[in-house]
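Below is one structure; the comments refer to it alone.
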Amino acid sequence: MTTLKINEMFETIQGEGAHTGIPSVFVRLQGCPVGCPWCDTKHTWTLDEAFLTTADQVLNKSEENECFFSVEDDELQTLFEQQGYVARHVVLTGGEPCMYDLRRLTKVLHDAGFSTQIETSGTYEVLCDPRSWVTVSPKVNMKGGLAVLDSALNRANEIKHPVAMQRHIDELDALLARCESLQGVEVCLQPISQQDRATALAVQTCIARNWRLSLQTHKYIGIE
């Protein structure tokens, strides 16, 4: 059994990558040492127990902050029911969700008829049910000094890479060269912060490589 530390939990539409448009329950786990400078969830980085609070306070908070609650993995589905969620796709994100052993949680959810997706930086071993969709958004040379693991790259169903300049494309090429096989793997480019230059580069590269463009559509339409 794994104790999950949850910063946010909400029902919305998946806005990125191969599952764009899918109704989803997002479970944002607390804790991340990677240190991406453009991260838009820096409030999830710390695991300071001083921010531990109740589920009700976290689920009803009106602004982003470091507060989180703890729950055992086999109790999460009960929380979904209490919140009245109807989406059957569960996105485990963060923070860095692969700091947690997600095997039991993802098995229980799949056995109950849910699908699951894990959004990870690739800097931790991915421990999950074989049926889980794993989205690796590899973070290279970040402040935290953590390396992207070959095991994470080779478990990925989708490699979604943030780009702003050609250097990021070159980094991705180096990562892909380490993969045992790319058969069946979705490769997506995501422009950082919707910058015009980054978007143009991503579009140009996706056309040239037959890759997929990933836009943060939730930010365009103003939802979580």
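The values are calculated or read from the model by the stated rules, or taken from the named source; none is laboratory data. All values derive from a computational prediction rather than experimental measurement. In this analysis, Cβ positions are derived from the backbone assuming ideal geometry, glycine residues included, and neighbour counts consider all displayed protein chains. Note: accessible area is taken over every heavy atom of the protein model, side chains too, but ligands, DNA and RNA are not part of it. Shrake-Rupley method; radii C 1.70, N 1.55, O 1.52, S 1.80 Å.
For segment 41-58, which positions are within 18 Å of the chain's Cα centre (by Cα) and free of Cβ contacts under 8 Å to residues at least 24 places away in the same chain?
LYS42, THR46, listed by residue number.
Can you pull out the residues in segment 74-87 that are of a type outside the set (Val, Ile, Thr) and either in contact (Cβ under 8 Å) with a residue 12 or more places away in the chain or assigned to a loop (DSSP other than H, G, I, E, B) (or both)?
Correct list: ASP74, LEU76, GLN77, LEU79, PHE80, GLN83, GLY84, TYR85, ALA87.
Select, from VAL90, VAL71, the only residue that is assigned to a strand (DSSP E or B), surrounded by fewer than 23 Cβ atoms within 10 Å (Cβ to Cβ) and of a type in the set (Val, Ile, Thr).
VAL71
Residues in segment 47-63 that are buried (at least 16 other Cβ atoms within 10 Å of the Cβ) and among the hydroxyl-bearing types (Ser, Thr, Tyr): how many?
Of all residues in segment 47-63, those buried (at least 16 other Cβ atoms within 10 Å of the Cβ) come to 47, 51, 55, 58.
So of that shortlist, the ones also among the hydroxyl-bearing types (Ser, Thr, Tyr) come out as none.
Qualifying residue count, segment 47-63: 0.
For residues that are under 19 Å from GLN194 (Cβ atoms), outside any strand (DSSP E or B) and either at pLDDT 95 or above or of a type in the set (S, T, N, Q) (or both), tally how many sit in segment 1-18.
1
For segment 119-165, which positions are of a type in the set (S, T, N, Q), under 15 Å from the mean Cα position of the chain (by Cα) and open to solvent by 30 Å² or more (accessible area, probe 1.4 Å)? Walk me through it before giving the result.
We begin by selecting, within segment 119-165, every residue of a type in the set (S, T, N, Q); these are 120-121, 123, 132, 135, 137, 141, 151, 154, 157.
Checking which are under 15 Å from the mean Cα position of the chain (by Cα) leaves us with 120-121, 123, 132, 135, 137, 157.
The answer is ASN157, and nothing else.
Within segment 74-85, can you find the residues that are within 22 Å of GLY17 (Cβ to Cβ) and either surrounded by fewer than 13 Cβ atoms within 10 Å (Cβ to Cβ) or at pLDDT below 95 (or both)?
The answer is none; no residue qualifies.
If you go through segment 108-126 one residue at a time, do you hit one that is out of contact with any helix residue (DSSP H, G or I) (no Cβ under 7 Å at 6 or more places or on another chain) and over 24 Å from GLU16 (Cα atoms)?
Within segment 108-126, one or more residues are out of contact with any helix residue (DSSP H, G or I) (no Cβ under 7 Å at 6 or more places or on another chain) and over 24 Å from GLU16 (Cα atoms).
Name the single residue that is modelled with the lowest pLDDT among those in segment 206-216 being closer than 17 Å to THR135 by Cα and open to solvent by 50 Å² or more (accessible area, probe 1.4 Å). Show your work before the answer.
Start the filter on segment 206-216 by keeping residues that are closer than 17 Å to THR135 by Cα, which leaves 211-216.
Among the residues that remain, those that are also open to solvent by 50 Å² or more (accessible area, probe 1.4 Å) are: 211-213, 215.
Details: TRP211: 96, ARG212: 94, LEU213: 94, LEU215: 85.
Per the stated criteria, the residue is LEU215.
Look at CYS32 and say whether it is in contact with a strand residue (DSSP E or B) (Cβ under 8 Å, 6 or more places away or on another chain) and either in a strand (DSSP E or B) or crowded, with 21+ Cβ neighbours inside 10 Å (or both).
Numbers: in contact with a strand residue (DSSP E or B) (Cβ under 8 Å, 6 or more places away or on another chain): no; either in a strand (DSSP E or B) or crowded, with 21+ Cβ neighbours inside 10 Å (or both): yes.
Spelling it out, it is not the case that CYS32 is in contact with a strand residue (DSSP E or B) (Cβ under 8 Å, 6 or more places away or on another chain) and either in a strand (DSSP E or B) or crowded, with 21+ Cβ neighbours inside 10 Å (or both).
Please pick out the residue among VAL203, VAL187 that is of a type in the set (Val, Ile, Thr) and either in a helix (DSSP H, G or I) or free of Cβ contacts under 8 Å to residues at least 12 places away in the same chain (or both).
VAL203
Name every residue in segment 104-153 that is under 22 Å from PRO33 (Cβ atoms), among the aliphatic types (A, V, I, L, M), free of Cβ contacts under 8 Å to residues at least 40 places away in the same chain and in a helix (DSSP H, G or I), in order of residue number.
Result: LEU153, single match.
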